[in-house]
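Written out below as structure tokens is the structure these notes cover.
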Amino acid sequence: MTTTNQALADWVKQVAELTQPDHIHWCDGTAAEEQQFNDMLLADGTYKKLNEQTHPNCFLHLSDPQDVARVEHLTFICTENEIDAGPNNHWMAPATAHAKMDDLFQGCMQGRTMYVIPYCMGPIDSPISRCGVEITDSAYVVQNMRLMTRMGQAALARIEREGGFVKGLHSTGELDPNRRFIMHFPEELSIKSYGSGYGGNALLGKKCHALRIASYQAKTEGWLAEHMLILGIKTPAGKQHYVAAAFPSACGKTNLAMLIPPAGYVKDGWEISTVGDDICWMRPGEDGRLWAINPEAGFFGVAPGTAEDTNPNALKMLYQDTIFTNVAETEDGQPWWEGLDDRTPKTDWQGRPFDPANGPAAHPNSRFTVSAKRCPSYSPESESASGVPIDAIVFGGRRASLVPLVTEARDWEHGVLMGATVASETTAAATGAVGVVRRDPMAMKPFCGYHFGDYWGHWLGMQEKADHLPKVFTVNWFRKDADGRFMWPGFGENMRVLEWIIARCQDQVGAQETAIGHLPQVADLNTDDLDMDLGVLDQLLTVDAAGWQKEAESVTEFLAEFGDRVPQALYDQLQTLQAKLA
Ligand code: GTP
Ligand code: SPV
Ligand code: MN
């Protein structure tokens, strides 16, 4: 296979000269190719076959123990001017970064095969979709990209029709953390990643393209590329709504996207459908609303905590055609992770005999990769070229204290301040300390390809581009009591909050006006069959004014870090908040 796109043909040739692979394979995305790659990965030990009776066509891959999460400290945005990357990113001059990377790539594919993966982020026929090509020397990356994107012949045909594509060059190198970099060149629409085979570092269509590069493209073209799930909510009256929600990594997007409502809701006829679980591209439509697609075609989800009582939809899709990365294994070759059930695994995520003294059996950031089509709640609208219209945007994070269960913004500008100042405890999805509260604007701290001040300005500017923007909310499922226990049951019970959000969008339910925004009273939420003390729920819906005054001070300091690129409207909103709190 080759291509009629000269730029692509030239680039592949140039990369081959640099990296010197033994073979070049153009991925066509066929079932035969998929089978051939699975056989190859089994033969060379990259894959271990899981129990064919219980988990047909499922494979276990164990990463190098030093390569199990995104590496934010080794991730760079390489713009001509340092200021354009913003204080929110690590920066390197493009020429320096190219030289450094090309040095690493020099001859790195000798003895290996170079795979060329044409892919499309989003439905092949959608004008919102964008194409890319990843060149990699990892067949495991190919198999993940096969599930996570629309890859192969159809994507290549679109590239040949359209011309443009994002270039992503990847090599696992020696998996040496000292020779590992993830470089982004937004102004060139290109990516170079070396030294990691893991998730967001290596599947370049995902965070590198669909967020870091796409956020920059979106800014220049007038749309939004966000770290958001998209879910559909159908009311008993048959009205279809869509919500997009941004939570930082490992803070509940996959779970919310696949939510199964409490029994009473199901009985009444509420239906939830899943459009996406991680990334959302939105653009203003002719009707003034934001229309969204999920650019991905699969789920790369957190395994630990996935269980029958938390996320049954996810569990149902994981019994077939799934790649498991860094989970544990039972005696009879089934994948296992903490929270799944009470069996004891035989081996841990490093392939060692399981010993609790070594820590959890599955790595806390262990993952499954599976086609979205296997999800029982997958929405047929996910394949729609025009996308789905968004009614509400929700921001959230892990906050053990202070932040109420749900708050509605007074208007779009207030909503942008809310999103810009969300904070959350860090998780195992990236290397580094876990549980440290940091600001994670719009859940995009690790993923925005340019200066946050400009990004907030772009969000504010959507007001001029769309006159029926979604209502904005924040949620917090993660409040803890004095004993460190979650106060809100979460998971399926989050439906109660979603119902209030939808009712607010329709002007059908009341709220209390507070300094920080509109909150429901306990009586505004459906608490039928809710197994919790309503006094505790009342606490979750109470505004701690003194605590919020401190929060506002910390927000003031945070915004100051972004200097004169912070839009005045955010300072105005902050001032309003402080005045209302005083
Ligand atoms: P990324 O794929 O890293 O972007 O993560 P994500 O945002 O999709 O997070 P995910 O849904 O995988 O959840 C991460 C962890 O949070 C899992 O261990 C879940 O069990 C837990 N979690 C999700 N939703 C809730 C909730 O409503 N309450 C509580 N207490 N935990 C939750
Ligand atoms: C995240 O960390 O937000 C993920 C996993 O979704 S990764 O693909 O590694 O970015
Ligand atoms: Mn994510």
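Every number in this text was worked out from the coordinates using simple rules, so none of it is lab data. This is a predicted model, so every value here is computed, not measured. In this analysis, Cβ positions are derived from the backbone assuming ideal geometry, glycine residues included, and neighbour counts consider all displayed protein chains.
For the chain, what is the relative contact order in percent, using Cα pairs closer than 8 Å and at least 6 residues apart in sequence? Intermediate values should be presented prior to the final figure.
Working: 1290 pairs, mean separation 86.2, N = 582.
Across the chain, relative contact order equals 15 percent.
Work out, step by step, the length gained on full extension between residue 550 and residue 263: first 0.36 nm times the residue separation, then minus their alpha carbon distance; give nm to one decimal. Could the numbers behind the result be given before it?
Details: separation 287, 0.36 × 287 = 103.32 nm, distance 4.03 nm.
Contour length minus the Cα-Cα distance gives 99.3 nm.
Using a Förster distance of 45 Å, how high is the FRET efficiency between residue 568 and residue 386, based on the Cβ-Cβ distance and rounded to 0.05?
Working: r = 35 Å, r/R0 = 0.77.
Step by step, r from the Cβ atoms, then E = 0.80.
Taking the Cα atoms of region 396-458, what is the range of coordinates along each of the three principal axes, in descending order and whole Å?
34, 30, 12
If you stretched the chain out fully between residue 157 and residue 179, how much longer would it get, using 0.36 nm times the residue separation minus the C-alpha to C-alpha distance?
4.4 nm
Which three numbers, in whole Å and largest first, are the semi-axes of the equivalent ellipsoid of region 299-374 derived from its Cα gyration tensor as √(5λ)?
Ellipsoid semi-axes (Å, largest first): 21, 12, 11.
If you rank 580, 239, 219 by fewest surrounding Cβ atoms within 10 Å, what's the result?
239, 580, 219
Could you give the nm distance between label points at residue 582 and residue 44, where each point is 7 Å from its Cα heading toward the beta carbon?
Each label point lies 7 Å from its Cα, and together they span 6.6 nm.
Report ³J(HN,Hα) in whole Hz for each residue of region 241-247, in order, from the Karplus equation J = 6.51 cos²θ - 1.76 cosθ + 1.60 where θ = phi - 60°; Gly and Pro get x.
Calculated HN-Hα couplings, in order: 10, 10, 10, 10, 9, 9, 10 Hz.
Can you give the local net charge around residue 80? Use residues other than it whose beta-carbon is closer than 13 angstrom to its beta-carbon, Lys and Arg +1, Asp and Glu -1.
Net local charge, residue 80 excluded: -4.
Report Rg (one decimal) and Dmax (nearest whole number) for the chain, counting Cα atoms only, units Å.
23.2, 69
Using the 10 angstrom Cβ neighbour count as an exposure proxy, how do 256, 469 rank, fewest first?
Values: 256 27, 469 18.
So the ranking, lowest neighbour count to highest, is 469, 256.
Calculate the spin-label point distance for residue 530 paired with residue 357, positioning each point 7 Å from the Cα along the beta-carbon direction, and give it in nanometres.
So the two model labels end up 4.7 nm from each other.
Quick one: order 572, 10, 342 by neighbouring beta-carbon count within 10 Å, fewest to most.
Lowest count first: 342, 10, 572.
Treating the beta-carbon of each Lys and Arg as +1 and of each Asp and Glu as -1, no other charges, what is the dipole magnitude of the chain about its Cα centre, to the nearest 20 debye?
Charge dipole of the chain: 380 debye, to the nearest 20.
Please determine, in degrees from 0 to 90 and to the nearest 10, the orientation of helix 568-581 with respect to the longest principal axis defined by the Cα atoms of the chain, where the helix direction is its Cα long axis.
The angle comes out at about 40 degrees.
Using the alpha carbon gyration tensor of region 30-97, what are the three equivalent-ellipsoid semi-axes (square root of 5 times each eigenvalue), largest first, in whole Å?
Working: eigenvalues 327, 44, 24 Å².
Here the semi-axes work out to 40, 15, 11 Å.
Mean residue ellipticity at 222 nm from the helices of the chain, using -39,500 (n - 2.57) per DSSP H segment of n ≥ 4 over the full residue count, to the nearest 500 deg cm²/dmol?
Numbers: 17 runs with 163 residues, N = 582.
Rounded to the nearest 500, it is -8000 deg cm²/dmol.
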